[in-house]
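See structure below.
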Amino acid sequence: MRITALAGGIGGARFLRGLKAAVSPSDEITVIGNTGDDIHLYGLKVCPDLDTVMYTLGGGINEEQGWGRREETWSIKEEMKAYGVGPEWFGLGDRDFATHIVRTQMLAAGYPLSAVTEALCDRWKPGVRLLPMSDDRIETHVRISDADGPRVVHFQEYWVRLHAAVDAEAIVPVGADTAKPAPGVLEAIADADLVLLPPSNPIVSIGTVLAVPGIREAVARASAPVVGLSPIVGGAPVRGMADKVLAAVGVETSAAAVAKHYGSRGNGGLLDGWLVDSADAGAVAEVEAAGIACRAVPLMMTDVDATAAMARAALELAAQVAEAAK
Ligand code: GDP
Ligand code: CA
């Protein structure tokens, strides 16, 4: 079985770990990772979401934090600070730095990001094929108004430095409109037996991947069932500040509203099936009325077993929608 998943950082990575545990080793998983969070720091190209997936599946992640390397040290950051060179608000540890140095060096030598990602994965062996959504530079920017007036900041500055404390007025994946999907991305969607939307941020993770011309259309037209899992549980994001970016695009923070934002494939949208948490069982009827098959199951990724059960529920729902379509 060929499974293709779109993914952001922590929500995507943790789900994929459960998915790997749920499927058989002969199944092939392709991950199309968000690169809208990418940022240049200290002259280095940093790809936070690709690295979170790679480290999580490759056993290098800091488990408590959910991002960055485990057993990390911070000498470089301290040395940079001694030189008065920031940004201090972005945490790059020594081990993590090595990844960004390798990446930047390979990009400077002319390799596309997809080839660089493959080379980095040679070390980490994440057990999935990890593709950036695009080899072209895309950066998500956020429009805000604060004491400094109306302005636009990089998504990382909004999220990490400002903790999404001010409202986001608009979210723009700069560069996406002229970007091309990375090699293999459209094929991985078209040739899949199942397309999954993990419980990643629907706007700044999955939404950015879908903003690359051709990707949304490929998902909408995939011959395989498309099943998603809600990142919103009980009317709130489990982790992070997804409510802020949902509000920016006028979507309510609820499991049903996110499903309707993706839309039903029957009506030109993306989803055949949607899983909500048991706490949101009351939303099932509303989602089904929108033309999306929906089930309520536990969706808290507390450990790999619980997450594998979520993945199995997604596989089951996919089989049911495929059967119903016959
Ligand atoms: P990021 O790029 O690191 O922000 O990660 P993603 O975009 O992949 O995932 C972030 C989303 O994961 C957040 O909006 C959370 O709501 C969601 N999330 C985190 N942990 C859980 C969980 O245990 N269950 C569910 N259903 N969603 C979760
Ligand atoms: Ca991210």
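The values are calculated or read from the model by the stated rules, or taken from the named source; none is laboratory data. Not measured: the values here are computed from a predicted model. Glycine gets a Cβ as well: all are built from the backbone with ideal geometry, and neighbour counts include every protein chain shown. All accessible areas refer to the heavy atoms of the entire protein, side chains included, with ligands and DNA or RNA removed. Shrake-Rupley method; radii C 1.70, N 1.55, O 1.52, S 1.80 Å.
Antiparallel beta bridges, as assigned by DSSP with both residues in the chain, represent about 40 percent of the total such bridges. Near PHE97: Cβ cut-off under 13 Å, other residues only, Lys/Arg at +1 and Asp/Glu at -1. The net charge is -1.
An ellipsoid equivalent to region 230-326, defined through the eigenvalues of its Cα gyration tensor, has semi-axes of 21, 19, 10 Å when rounded to whole angstrom and sorted largest first. Electrostatic tally near GLU78: other residues with Cβ closer than 12 Å to its Cβ, Lys and Arg +1, Asp and Glu -1, net -1.
Radius of gyration over Kirkwood radius for the chain, both on Cα atoms: the Rg/Rh ratio is 0.95. Applying the criteria of a DSSP loop state and at most 10 other Cβ atoms within 10 Å to the GluC sites (Glu not before Pro) of region 6-87 yields GLU63, GLU64, GLU71. Computed packing ranks the peptides 205-214, 118-127 as 205-214, 118-127, most packed first, by mean other Cβ atoms within 10 Å. Ligands, DNA and RNA left out, the accessible area of region 15-66 computed with a 1.4 Å probe is 48% carbon and sulfur.
So if the hydrodynamic radius of region 77-220 is defined as the Kirkwood radius over C-alpha pairs, what does Stokes-Einstein give as its diffusion coefficient at 10 °C and 1.306 mPa s, in µm² per second? The diffusion coefficient I find is 91 µm²/s.
Think of the chain as having a plus end and a minus end, set by charges on the Cβ of Lys, Arg, Asp and Glu; of LEU275, SER254, GLY84, LEU275 sits farthest toward the positive end of this dipole. To put it simply, the accessible area of region 123-253 at a 1.4 Å probe is 52 percent carbon and sulfur. In the chain, the DSSP-assigned H stretches of four residues or longer account for a calculated mean residue ellipticity at 222 nm of -11000 deg cm²/dmol, using -39500 (n - 2.57) per stretch and the full residue count as denominator.
Extension gain for THR73 to ASP167 (0.36 nm times residue separation, less C-alpha to C-alpha distance): 30.5 nm. Look at where the Cα atoms of region 274-326 and of region 111-138 average out, and the two centres are 30 Å apart.
Treating r as the C-beta distance of ALA119 and ARG2 and R0 as 22 Å, the FRET efficiency rounds to 0.45. For region 50-79, backbone nitrogen atoms closer than 19 Å to the point 7 Å from LEU107 Cα along Cα-to-C-beta are found at 50-55, 68-69. Per residue, the accessible area of the chain comes to 42 Å² when a 1.4 Å probe rolls over the protein heavy atoms.
DSSP H helices in the chain with Cα extent of 20 Å or more along the helix axis and mean Kyte-Doolittle hydropathy at least 0.0? The answer, listed by residue number, is 304-325.
Extending 7 Å from the Cα toward the beta-carbon at both ARG216 and TYR83 defines two label points whose distance is 4.2 nm.
Cα centroids of region 35-110 and region 9-24: 22 Å apart.
Seen from GLU118, the other residues with C-beta closer than 13 Å to its C-beta sum to a net charge of +2, counting Lys and Arg as +1 and Asp and Glu as -1. Which one, GLY91, GLY58, GLY273, has the greatest fluctuation when you compute a Gaussian network model over the chain with C-alpha springs under 10 angstrom? For the chain, modelled as a Gaussian network with Cα springs under 10 Å, the answer is GLY91.
Normalising the average separation of contacting C-alpha pairs (under 8 angstrom, six or more residues apart) by the number of residues puts the relative contact order of the chain at 19 percent.
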